[in-house]
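> Before I ask anything, let me first share the structure, which is written out below as structure tokens.
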Amino acid sequence: MLFKERKTSLECALLKSLNNRMKLHEKDIQYLRNLEKGDEGERYFDSLTAALTCDCFVLNDLRLSCNNATFQIDALMITGETIYLFEVKNYEGDFYYERDRIFTKNKSEINNPLLQVKRCESLFRQLILSLGFNMPVSASVVFVNPEFTLYQAPLSAPFIFPNQLKRYMKDLNAISAKLSGKHRRLAEKLSSLHIEESPFLHLPKYEYDQLRKGIVCDACGSFSCAVKGHAMICEDCGHAESVEAAVLRSVREFRMLFPERKITTNDIFDWCRIVDSKKRVSRILAKNFNKFRGGRWSYYE
């Protein structure tokens, strides 16, 4: 049973928006690609755990804190007997393992995910004990990309390779232990302790005037959109969306990029650009938000 779903990270969403609206440095573009690739791998693993029929609670993308240390768990599965922690990696290509270190084929060292998963496992054990729960914890690194190979991997390492995933899921599905109220209370407590936003966002500096204005297509990301009656049509891919839905989506993007700014008719009209009148924008805002008056200007929340 899915107890907590995965959301696209704020960092990834911000960088994706900025990449549409300004010229990013190559290092920022590469970082965004890595985030998107990681998210793709995690969602593939989500599809595997979603297909399980054994009695379990699945919590995806947990960010927790214990003893003033923050740690993140890509996927967590509570069964009747054991809690499983998964660190999901979408690495692609040939790698080799040597003296507790992992290298690419051209001998460039990468972070060893074993160090990360061991830290998470230790902090998680401490956390659940402090909450009054004492259950066995099993932590693994899952490599999901079929184009990944790790040479010289130690047999004792808690690695799950792409060609082992199907069998591993079959083994999980064979778990017969049943969940109880204790397990549900733990799942609820962990969900309540989830920290929504990471304090460490790697973002370039940006200002409102730097960014390209307009509504991007929700399907292909193009700015070639036009308002035709009650619909907004993408002239590149033909995707249609109601004007109201497109404006509200743009408001969410504006609020994400500029959380300190008030939502005003003038700002959203300027941000969207393709909507034909301020009155139309004002009606959409008034319908979907509460209106407040602040000095000379009205704003919405």
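The values are calculated or read from the model by the stated rules, or taken from the named source; none is laboratory data. Predicted model, so just to flag it, every value in this text is computed and none were measured. All Cβ positions, even for glycine, are placed from backbone atoms using ideal geometry, and neighbour counts span all protein chains on display. These accessible areas exclude ligands, DNA and RNA; they are computed on the full protein's heavy atoms, side chains included. Shrake-Rupley method; radii C 1.70, N 1.55, O 1.52, S 1.80 Å.
> Specify which residue in the list G229, L211, Y168 is farthest towards the positive end of the charge dipole of the chain, using unit charges on the beta carbon of Lys, Arg (+1) and Asp, Glu (-1), about the Cα centre.
G229
> Another one. As I understand it, the dipole of the chain uses +1 on the Cβ of Lys and Arg and -1 on the Cβ of Asp and Glu, about the Cα centre. Which of A50, S192, C120 lies farthest toward its positive end?
S192
> For the chain, give the share of DSSP beta bridges that are antiparallel, in percent and rounded to the nearest 5; count only bridges with both residues there.
Values: 31 of 46 bridges.
The answer is about 65 percent antiparallel.
> Across all directions of projection, what mean area in square nanometres is found for the Cα convex hull of the chain?
Working: hull surface 79.7 nm².
If I average the Cα hull's projected area over directions, I get 19.9 nm².
> Related question: As a test of the formula, what do you get for the chain when each DSSP H run with n ≥ 4 contributes -39,500 (n - 2.57) and the sum is divided by the residue count, at 222 nm and rounded to the nearest 500 deg cm²/dmol?
On the way: 8 runs with 111 residues, N = 301.
Helix contribution divided over all residues of the chain: -12000 deg cm²/dmol.
> Taking the DSSP beta bridges in region 95-239 as the whole, what percent of them are antiparallel, to the nearest 5? Kindly include the intermediate steps, with their values, before the conclusion.
Numbers: 10 of 14 bridges.
Close to 70 percent.
> Could you size up the charge dipole of region 1-64 around its Cα centre, putting +1 on the beta carbon of Lys and Arg and -1 on that of Asp and Glu, and report it in debye to the nearest 20? Can you show the working numbers first?
Details: 11 positive and 11 negative charges, 64 e Å.
With only Lys, Arg, Asp and Glu charged at Cβ, the dipole is about 300 debye.
> Answer with one residue from L14, P146, S250: the one whose Cα lies farthest towards the positive end of the charge dipole of the chain, charges on Cβ with Lys, Arg +1 and Asp, Glu -1.
S250
> Follow-up question, since we're still on this one. How big is the dipole moment of the chain about its Cα centre under a simple scheme where the beta carbon of each Lys and Arg is +1, that of each Asp and Glu is -1, and everything else is neutral? Debye, nearest 20, please. Write down the numbers at each step before the final one.
Working: 45 positive and 38 negative charges, 197 e Å.
The dipole magnitude comes to about 940 debye.
> If you average the sequence gap of Cα pairs under 8 Å that are 6 or more apart and divide by the length of region 1-135, what percent do you get for the contact order?
Working: 144 pairs, mean separation 26.3, N = 135.
Dividing the mean separation by the residue count of region 1-135 yields 20 percent.
> With a probe of 1.4 Å, find how much accessible area the chain has per residue, and write the answer as a whole number in Å². Intermediate results must be reported in sequence, preceding the final value.
Details: 16860 Å² over 301 residues.
Here the residues of the chain average 56 Å² of exposed surface.
> Could you work out the relative contact order of the chain, using alpha carbon pairs under 8 angstrom and six or more residues apart, expressed as a whole percent? Display every interim value, and only then the final one.
Details: 437 pairs, mean separation 47.6, N = 301.
Reported as a whole number, the value is 16 percent.
> K287: which lysines have alpha carbons under 26 Å from its alpha carbon, excluding same-chain residues fewer than 8 sequence positions away?
K213, K228, K262, K278, K279
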